[in-house]
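A.B. asks: If you scroll down you'll find the structure; I have some questions about it.
Please treat every number below as a calculation from the coordinates, not as lab data. Every value quoted in this text rests on a predicted model; they were computed, and no experiment measured them. Positions of Cβ are backbone-derived with ideal geometry, glycine not excepted, and every protein chain shown enters the neighbour counts.
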Amino acid sequence: MEGRTPYQMALEQLNKCAKIMKLDPNVHEMLKYPKRVLTVNVPVRMDDGRIKVFTGYRSQHNDALGPFKGGVRYHPNVSVEEVMALSIWMTWKCSVAGIPLGGGKGGIICDPKKLSPGELERLSRGYFAAIRNIVGPDMDIPAPDVNTGGREMAWFLDEYNKYKGCNNPGVVTGKPLEIGGSLGRTEATGRGLSIVAREAARRLGIDFKKSDVAVQGFGNVGYYSAKFMQEFGCRIVALSDSKGGVYNPNGIDVEALLAYKQKSGKLSGFPGSKEVTNEEVLEVPCDILIPAALENQITKENAGRVKARLVLEGANGPTTPEADEMLFKRGIVVIPDILANAGGVSTSYFEWVQNGQNYYWTYDEVLQKLDKLMTAAFANVWESYKKYNVEMRMAAYICAIERVTAAMKVKGWC
Ligand code: GLU
């Protein structure tokens, strides 16, 4: 599977679901392709005076449920196939979350670590100017993804409004608070994941408040997932980042670990803990495992050694299909990325709604709405899981595809 492109993987998943749910062949055919993929070549004036051209993409998969929605990533490995696949997954993610948005994704082939802030700003503005005619608050709403955040969103927004001669904050989400961002957006993915974990544990008969949790990844998703799980009463027994991790069966204080990392630059050596590798974190004794780092972490090599009863995919695509099958056979439940990490885009949706009404909610209001939304999304997937007797991933895909199909049909697309 590791040899397949993400787009081939997305198609295989779609085909598998289509068979189980006996999907209308016309809908199936339409869902295989993004509606539009735009390639842009952006000339950027580098600090040394040279012009360098960067290639970027925006893929718009399906907008039956609402405007296209999805992040923009900056990475040397961005490819058109990857962006296309990610836009398909965004269609499913928005649909499974029950929000009125479709699926899109963008990317620029670049290594942001090698660009100065000035070069990054010119690249971001150039990219957004180049895609400005296909994005907008009621057409396609970009957001942060790998290596992008509030700073890039502010540049995107400014560029869009300058060209369009307007002052519309709803063209992107994940913005800084000063220009229409939403309270709670930063921590939303981890928060959403911890809500889904609570719901899953309840259904599976796992005593959530007494469960031991291991988290791979200590970025935005990993850190906030661990923090909220701890607040819910779970014991965090292992945590790691790309350099390595720590294990303590008696529990790790997440805030203290963050302070330690900020001071020492690493996790290893944290008082009371044993050093483990980033891979070993996946295999420690625990009830709940959260891979929140990169794709392809749980593979056929290590899936047999996972000890958790429940896995929640914080990252996009951390489990290979072979590993997925092995975990399923071993009775380990995997909550797929499109449900487990949907808290981010759901809070993007809240941000977009607040922009539209020009009236902003309190932090508690946002969290309450997120809790309600994620709880309902989980309940819906659980119903499919019971009905079709398939892996949770397939159940989530089936829910997502059912909703998109219904919208396509009433719109008369097929
Ligand atoms: N990039 C995030 C994701 O993959 C968020 C997308 C959004 O907020 O539109 O879910």
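A.B. asks: Mind putting a number on the dipole of the chain about its Cα centre? Charges go on the C-beta only, +1 for Lys and Arg and -1 for Asp and Glu, and I need it in Debye to the nearest 20. Could you put the intermediate results ahead of the total?
C.D. replies: On the way: 52 positive and 46 negative charges, 102 e Å.
About 500 debye.
A.B. asks: Hey, another quick one. Using the beta-carbon distance between Lys409 and Asn358 and R0 = 35 Å, what value does 1/(1 + (r/R0)^6) give for FRET efficiency, to the nearest 0.05?
C.D. replies: Working: r = 34 Å, r/R0 = 0.98.
Rounded to the nearest 0.05, the efficiency is 0.55.
A.B. asks: Please find the FRET efficiency linking Asn133 to Asn41, where r is the Cβ-Cβ separation and R0 is fixed at 25 Å, and quote it to the nearest 0.05.
C.D. replies: Values: r = 16 Å, r/R0 = 0.63.
In this case the efficiency is close to 0.95.
A.B. asks: Return the sequence-ordered ³J(HN,Hα) values of region 269-274 in whole Hz as given by the Karplus equation 6.51 cos²θ - 1.76 cosθ + 1.60 applied to θ = phi - 60°, using x for Gly and Pro.
C.D. replies: x, 4, x, x, 10, 9
A.B. asks: Collect residues whose amide H, placed 1.01 Å from N in the peptide plane, falls under 5 Å from the amide H of Phe54; neighbours closer than 5 in sequence don't count.
C.D. replies: Val42, Val44
A.B. asks: Report, in debye and to the nearest 20, how large the dipole of region 14-127 comes out about its Cα centre when Lys and Arg carry +1 and Asp and Glu carry -1 on their Cβ. Please list the in-between numbers first.
C.D. replies: Values: 18 positive and 10 negative charges, 24 e Å.
The dipole magnitude comes to about 120 debye.
A.B. asks: For each pair in Lys52/Lys113; Lys69/Lys175; Lys32/Lys372; Lys209/Lys372; Lys175/Lys209; Lys113/Lys300, compute the distance between the two Cα atoms and list the pairs where it is over 24 Å. Don't skip to the end; give the middle numbers.
C.D. replies: On the way: Lys52/Lys113 16 Å; Lys69/Lys175 14 Å; Lys32/Lys372 31 Å; Lys209/Lys372 20 Å; Lys175/Lys209 34 Å; Lys113/Lys300 32 Å.
Beyond 24 Å between Cα atoms: Lys32/Lys372; Lys175/Lys209; Lys113/Lys300.
A.B. asks: I want the antiparallel fraction of DSSP beta bridges within the chain, as a percent rounded to 5. Mind dumping the intermediate values first?
C.D. replies: Working: 24 of 48 bridges.
Approximately 50 percent, going by the DSSP bridge assignments.
A.B. asks: Given axes a ≥ b ≥ c from the Cα gyration tensor, I'd like to know whether region 338-414 is rounded (a/c under 1.5), prolate (a/b larger than b/c) or oblate.
C.D. replies: Details: a/c = 3.13, a/b = 1.46, b/c = 2.14.
In terms of gyration-tensor shape, oblate.
A.B. asks: Report the extension gain between Ile109 and Ile51 in nm, rounded to one decimal, defined as 0.36 nm multiplied by the number of residues separating them, less their alpha carbon distance.
C.D. replies: Values: separation 58, 0.36 × 58 = 20.88 nm, distance 1.58 nm.
Taking 0.36 nm per residue and subtracting the Cα distance, the gain is 19.3 nm.
A.B. asks: In addition: Taking just the alpha carbons, could you work out the radius of gyration and Dmax for the chain, both in angstroms?
C.D. replies: My reading of the Cα-based Rg and Dmax gives 20.8, 63 Å.
A.B. asks: Sticking with this structure for a sec: Within region 1-65, which trypsin sites (Lys or Arg not before Pro) sit in a loop by DSSP and count at most 12 neighbouring Cβ atoms inside 10 Å?
C.D. replies: In loop regions of region 1-65 (DSSP not H, G, I, E or B), the sparsely surrounded trypsin sites (Lys or Arg not before Pro) are Lys22, Arg50.
A.B. asks: Determine which residues of region 26-42 fall in the zone a paramagnetic label at Arg4 would reach in this model, i.e. backbone nitrogen under 20 Å from the point 7 Å along Cα→Cβ.
C.D. replies: 28-34
A.B. asks: Show me, for region 383-393, the HN-Hα J-couplings you get by feeding each phi into the Karplus relation (A = 6.51, B = -1.76, C = 1.60, θ = phi - 60°), rounded to Hz, glycine and proline as x.
C.D. replies: Result, rounded to whole Hz: 4, 5, 4, 6, 5, 9, 6, 10, 4, 4, 4.
A.B. asks: Filter the GluC sites (Glu not before Pro) in region 298-347 to those in DSSP coil with at most 11 other Cβ atoms within 10 Å of their Cβ, and list the result.
C.D. replies: Values: sites: Glu301, Glu313, Glu322, Glu325; in loops: Glu301, Glu313.
Answer in residue order: Glu301.
A.B. asks: Same structure again: Please list, by residue number, every one of the trypsin sites (Lys or Arg not before Pro) in region 215-320 that is coil in DSSP and has at most 16 other beta-carbon atoms within 10 Å. Don't jump to the answer; show the numbers that get you there.
C.D. replies: Values: sites: Lys227, Arg235, Lys243, Lys261, Lys263, Lys266, Lys274, Lys300, Arg305, Lys307, Arg309; in loops: Lys243, Lys266, Lys300, Lys307, Arg309.
Counting only loop positions with at most 16 other Cβ atoms within 10 Å, the trypsin sites (Lys or Arg not before Pro) in region 215-320 are Lys243, Lys266, Lys300, Lys307.
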